[in-house]
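Scroll down for the structure; my scribbles are underneath it.
The values are calculated or read from the model by the stated rules, or taken from the named source; none is laboratory data. The shown structure was predicted, so the numbers you read here are calculated from the model rather than taken from an experiment. Cβ sites come from the backbone with ideal geometry, for glycine too, and all protein chains shown count toward neighbours. Just the protein is used for accessible areas: all its heavy atoms, side chains included, with ligands, DNA and RNA removed. Shrake-Rupley method; radii C 1.70, N 1.55, O 1.52, S 1.80 Å.
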Amino acid sequence: MPEFNVVEEEKKSRRFFMAGLFAFFTSFGLIVIGALRYIVPNVQYGKAERFKVGMPQDFPDKQATYIADQQIFIVREGDSYTAISATCTHLGCAVRANNAAPGFFCPCHGSRYEADGKNEAGPAPRPLDTFEVSLGHQGELVVDKRTTVPRGSRFKV
Amino acid sequence: MSTDQAAPERGVWRRLFQAIRKTGAYQSLGQAGGPARLSRVFSGSFCRALAADVSRSVPWKAVFNRPLPQTPKEQSEIAISSFWLHIHPATITRRSLKFSTTYGLGGLCAGLFMMLVGTGVLLMFYYVPATDHAYKDMVDLQHVVSLGRLLRNMHRWSAHGLVVFVSLHMFRVFMQKAFKAPRQLNWVVGVILLVFTMMLSFTGYLLPWDQLALWAVTVGTNMAGAIPIVGEKFRFVLLGGPTVDQATLIRFYVLHVVVLPLVMFIFMVYHFWRVRKDGFSGGA
Amino acid sequence: MATEDSVQPVAETDPKEYGLLGFVQGRPPAVADQEEERVSVYPHLISREFLAFGVMFMTLLVVSTLFDAPLEELANPGKTPNPAKAPWYFLSLQELLHYSPPFIAGFVVPSVLVLTVCTLPFFRGRLLVVPTGLLLATIIVPMFDGLIWNVIHSIAPGFADAIRVYGLPTIALLILTAVGLFKWALSSSMDDPKRAERISTRLFIVFVLFLLALVLIGEYFRGPEWKWVWPWQ
Ligand code: HEM
Ligand code: FES
């Protein structure tokens, strides 16, 4: 007759119970972590990233024209055009064109940028982005914010 | 016919007057004659008698089950047996009662939190968390809705007040070294409450959808984006997209009116419970 | 073997019944409090609470009648106001943002502050100078991030550019400060517990004053482009 060891049996059933408890909480925890996926949005209903900004000749020469609802500047120099982002590379405020000298400044923490977007002072860690410019079907300028081009690139019309 | 009807009515009034004359409040008024009467009204004995009378009335008893305690024994029992008062111990030391022990700061924080919930719920009757609506609703609250401006002001100033008084409360706890064992855990709970106060303020700041709101939240969430590796993802989830927009407004709204206050309330209740269990440093 | 007769009827001598409410560690509180005068919470504390709530409510009413909460123009993603200020209780962080990269001012500083405040009660006796000193250091050190970075930049520009966004000067200095504070706390100058406590209290007060100063600077001394202005300008 096999001996019935109370202590061993108790240990066994406790071990079984603890394993069950562990399995329960692990699976519950995994389910909760998985459910966090819910709060990461899958679709965006934002503005188009590629858009028309107007006819080339409508932009004043040697000036940075601000397109407010897209947060970009169109800089015209003769027949060449550049699209410079107006989003400060520090913390995302909208930079403004300087009043006197060419270049930009940020009203939030005082970053300064040169005319081509290079950061020259303040906390900004890198230059303003420069976006790709092309011509649309009716000869209008089209800017694509998804594609950045090297600083100083110009689009000749 | 008409005299028959009038008779019981007269009876009701007469009985009412008789009842009033029998109350302690009326008698305490009558005890002093002439000009001394007014001073008696303010001297507490009138108030006490009035309170005792009210608490013996039928409607009072229907709600609270028992009259206001009169004897010392009843008084020390009520803090334990009343649902509303049982967060308190039955008795405390005179030292705890002194103003300079707490400066009333923790209690004031709890009071401001209640004010915020009250005024906030009222604001929700008019406010719609949509980018083309929110700002107009704030302007309406200021100019069109009766008492809207007052309510918005009260909500805003209590929020600022809560930040001030939570900080002061923390400062007094530190200066009196009331965070030492066995109260360490309650200090940690306190810090959590402070952080929640800040998060509530930050999420609430976006809701008016004005220039201040948009740019404070743009800068604030971009700071979160500066965390290496997870920062961008975290910011994206917080905003519900790449920039502060409709998705952000509804996220912050839900956090501000439901999630954060609820969690903060639970921590507050735990905070109070721990003050009891650890023993108040002024002598519980 | 005990019969039922041998059981004493306790109830006759002591009519009270006791139930076990719970176990607590430490001294029975009653012993310590015996000498202190006690009063019942009702009405002494309850009346004070009602009075305090009443005063608070009335003050709030008066303040809200006299002063309006700010409401600026409709949000405009294309135009940042100049200057763009955070609410006052975040202005100390915004001021630090002026000196150090966002990773430091926006993440490292708040995290270190919250964690240090949380663990503060677990440092006992002379060790209390460690968290209090670290709190103070956490808001002072980032101000020198730019300065130190400039020095590194003049020696090794490439390396400096690579570490700029991570604010390594600040992190290194903070770790050094923490180690230094530990050494200081264990040194013989802290042998007197009274003195150690006094020093930690002072460090904490200076920390609070510094935070306050940063808030005031942000609120009253910062103008367009976050440049220094005098309040009367
Ligand atoms: C919404 C926020 C808070 C509320 C409503 C609150 C409320 C209270 C109340 C009513 C008390 C009783 C004594 C008193 O009035 O001072 C108390 C005690 C205490 N609080 Fe808070 N508190 C809050 C935040 C904090 C914070 C931020 C800390 C510290 C980081 C803190 C730490 C403590 C500690 C350690 C005690 C026990 C003090 C003692 O026994 O002397 N609390 N709190
Ligand atoms: S966001 Fe432009 S300087 Fe900070």
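Going by the conditions given, is A:G34 surrounded by 10 or more Cβ atoms within 10 Å (Cβ to Cβ), in a helix (DSSP H, G or I) and more than 21 Å from the chain's Cα centre (by Cα)? Talk me through it step by step, then tell me what you get.
On the way: surrounded by 10 or more Cβ atoms within 10 Å (Cβ to Cβ): no; in a helix (DSSP H, G or I): yes; more than 21 Å from the chain's Cα centre (by Cα): yes.
Taking the combined requirement at face value, the residue does not satisfy it.
Which residue out of C:K79, C:K85 is open to solvent by 20 Å² or more (accessible area, probe 1.4 Å) and within 7 Å of another protein chain (Cβ to nearest Cβ)? First the steps, then the outcome.
Numbers: C:K85 fails: within 7 Å of another protein chain (Cβ to nearest Cβ).
Result of the check over C:K79, C:K85: C:K79.
Within segment B:134-146, track down each residue that is open to solvent by 60 Å² or more (accessible area, probe 1.4 Å) and either within 15 Å of C:E72 (Cα to Cα) or outside the structural domain of B:T248 (by TED's automatic domain parsing) (or both).
Here is the first cut: in segment B:134-146, the ones open to solvent by 60 Å² or more (accessible area, probe 1.4 Å) are B:136, B:140, B:143-144, B:146.
Of everything in segment B:134-146, those that are open to solvent by 60 Å² or more (accessible area, probe 1.4 Å) and either within 15 Å of C:E72 (Cα to Cα) or outside the structural domain of B:T248 (by TED's automatic domain parsing) (or both) turn out to be B:K136, B:D140, B:H143.
Within segment B:86-96, is even one residue in contact (Cβ under 8 Å) with a residue 24 or more places away in the chain, within 30 Å of C:I205 (Cα to Cα) and of a type outside the set (G, A, S)?
yes
Residues that are under 24 Å from B:V275 (Cα atoms): which helices (runs of 4 or more DSSP H) entirely in segment B:50-100 hold 3 or more of them? Even if it seems obvious, please write down each step before you answer.
Numbers: elements: B:58-64, B:72-81, B:94-97.
So the answer is B:72-81, B:94-97.
Of all residues being without any contact (Cβ under 8 Å) to a residue 12 or more places away in the chain and under 8 Å from the mean Cα position of the chain (by Cα) in segment B:102-117, which is surrounded by the most Cβ atoms within 10 Å (Cβ to Cβ)? Just the residue, please. Break it down stepwise before answering.
Let us first name the residues in segment B:102-117 that are without any contact (Cβ under 8 Å) to a residue 12 or more places away in the chain, namely B:104, B:107, B:111, B:114.
Checking which are under 8 Å from the mean Cα position of the chain (by Cα) leaves us with B:111, B:114.
Numbers: B:G111: 23, B:M114: 14.
Filtering segment B:102-117 for residues that are without any contact (Cβ under 8 Å) to a residue 12 or more places away in the chain and under 8 Å from the mean Cα position of the chain (by Cα), the one surrounded by the most Cβ atoms within 10 Å (Cβ to Cβ) comes out as B:G111.
Any idea how many residues of segment A:62-88 are open to solvent by 20 Å² or more (accessible area, probe 1.4 Å), assigned to a loop (DSSP other than H, G, I, E, B) and under 11 Å from A:L128 (Cβ atoms)?
1
I need every pair where a residue in segment B:140-157 that is under 20 Å from B:V257 (Cα atoms) has its Cβ under 8 Å from the Cβ of a residue that is open to solvent by 50 Å² or more (accessible area, probe 1.4 Å) and of a type in the set (K, R), sequence separation at least 6 or different chains.
B:L141/B:R149
When the residues of segment B:118-133 are filtered to those that are touching a residue at least 40 places away in the same chain (Cβ under 8 Å) and buried (at least 16 other Cβ atoms within 10 Å of the Cβ), which remaining residue is nearest to ligand 2 (Cβ to nearest atom)? Steps first, answer last, please.
Filtering segment B:118-133 down to residues touching a residue at least 40 places away in the same chain (Cβ under 8 Å) leaves B:120, B:124, B:127, B:129-131.
Those still in the list that are buried (at least 16 other Cβ atoms within 10 Å of the Cβ) too: B:120, B:127, B:129, B:131.
Working: B:G120: 31, B:Y127: 29, B:P129: 26, B:T131: 22 Å.
So the residue we want is B:T131.
Just to check your reading of the model, which residue among B:R251, B:R183, B:R172 is in contact (Cβ under 8 Å) with a residue 12 or more places away in the chain, away from ligand 2 (no atom under 16 Å from the Cβ) and open to solvent by 60 Å² or more (accessible area, probe 1.4 Å)?
Details: B:R183 fails: open to solvent by 60 Å² or more (accessible area, probe 1.4 Å); B:R172 fails: open to solvent by 60 Å² or more (accessible area, probe 1.4 Å).
Among B:R251, B:R183, B:R172, only B:R251 is in contact (Cβ under 8 Å) with a residue 12 or more places away in the chain, away from ligand 2 (no atom under 16 Å from the Cβ) and open to solvent by 60 Å² or more (accessible area, probe 1.4 Å).
Restricting attention to segment B:260-284, which residues are touching a helix residue (DSSP H, G or I) at 6+ places or on another chain (Cβ under 9 Å) and either under 30 Å from A:Y38 (Cα atoms) or within 16 Å of ligand 2 (Cβ to nearest atom) (or both)?
Answer for segment B:260-284, where residues must be touching a helix residue (DSSP H, G or I) at 6+ places or on another chain (Cβ under 9 Å) and either under 30 Å from A:Y38 (Cα atoms) or within 16 Å of ligand 2 (Cβ to nearest atom) (or both): B:L260, B:P261, B:V263, B:M264, B:F265, B:F267, B:M268, B:Y270.
Please go through (1) within 16 Å of ligand 2 (Cβ to nearest atom); (2) within 23 Å of C:V215 (Cβ to Cβ); (3) buried (at least 21 other Cβ atoms within 10 Å of the Cβ) for B:G225 and return the number of the only condition it doesn't satisfy.
(2) is the only condition that B:G225 fails.
Restricting the search to segment B:178-203, which residues are more than 8 Å from every other protein chain (Cβ to nearest Cβ) and more than 18 Å from the chain's Cα centre (by Cα)?
B:A178, B:L185, B:N186, B:V189, B:I192, B:M199, B:T203
Which condition does C:A160 not pass, out of (1) small (G, A, S); (2) over 24 Å from C:F221 (Cβ atoms); (3) in contact (Cβ under 8 Å) with a residue 40 or more places away in the chain, if it passes all the others?
Unmet condition: (3).
Could you please find all residues in segment B:226-246 being closer than 21 Å to A:E49 by Cα and without any contact (Cβ under 8 Å) to a residue 24 or more places away in the chain?
Looking only at segment B:226-246, we keep the residues that are closer than 21 Å to A:E49 by Cα, and these are B:232-233, B:235-237, B:239-246.
Once the filter is applied, which keeps residues that are closer than 21 Å to A:E49 by Cα and without any contact (Cβ under 8 Å) to a residue 24 or more places away in the chain, segment B:226-246 yields B:E232, B:K233, B:R235, B:F236, B:V237, B:L239, B:G240, B:G241, B:P242.
Out of the residues in segment B:83-106 that are closer than 28 Å to B:L162 by Cα and of a type in the set (G, A, S), state the one that is farthest from the other protein chains (Cβ to nearest Cβ). Break it down stepwise before answering.
We begin by selecting, within segment B:83-106, every residue closer than 28 Å to B:L162 by Cα; these are B:83-89, B:92-106.
Now narrow it down to the ones that are of a type in the set (G, A, S): B:96, B:100, B:104, B:106.
Details: B:S96: 8, B:S100: 13, B:G104: 5, B:G106: 11 Å.
It comes out as B:S100.
Checking B:G231 against (1) facing chain C (nearest Cβ under 7 Å); (2) open to solvent by less than 20 Å² (accessible area, probe 1.4 Å), which test does it fail?
(1)
Of everything in segment B:80-97, what is open to solvent by 40 Å² or more (accessible area, probe 1.4 Å) and either in the same structural domain as B:M199 (by TED's automatic domain parsing) or closer than 28 Å to B:R66 by Cα (or both)? Give them in sequence order. Walk me through how you get there before you give the answer.
The initial filter retains those residues of segment B:80-97 that are open to solvent by 40 Å² or more (accessible area, probe 1.4 Å), namely B:80-81, B:83-84, B:86-87, B:91, B:94-95.
The answer is B:I80, B:S81, B:F83, B:W84, B:H86, B:I87, B:T91, B:R94.
Pull up segment C:116-151, narrow it to residues that are without any contact (Cβ under 8 Å) to a residue 60 or more places away in the chain, part of a helix (DSSP H, G or I) and touching a Pro at 6+ places or on another chain (Cβ under 7 Å), then point me to the one that is nearest to C:P101 (Cα to Cα).
C:D145
Could you tell me whether segment C:186-193 includes any residue that is within 14 Å of chain A (Cβ to nearest Cβ) and either away from ligand 1 (no atom under 16 Å from the Cβ) or acidic (D, E) (or both)?
If we filter segment C:186-193 for residues that are within 14 Å of chain A (Cβ to nearest Cβ), which is where we start, we get none.
The answer is no, given that none of the residues of segment C:186-193 is within 14 Å of chain A (Cβ to nearest Cβ) and either away from ligand 1 (no atom under 16 Å from the Cβ) or acidic (D, E) (or both).
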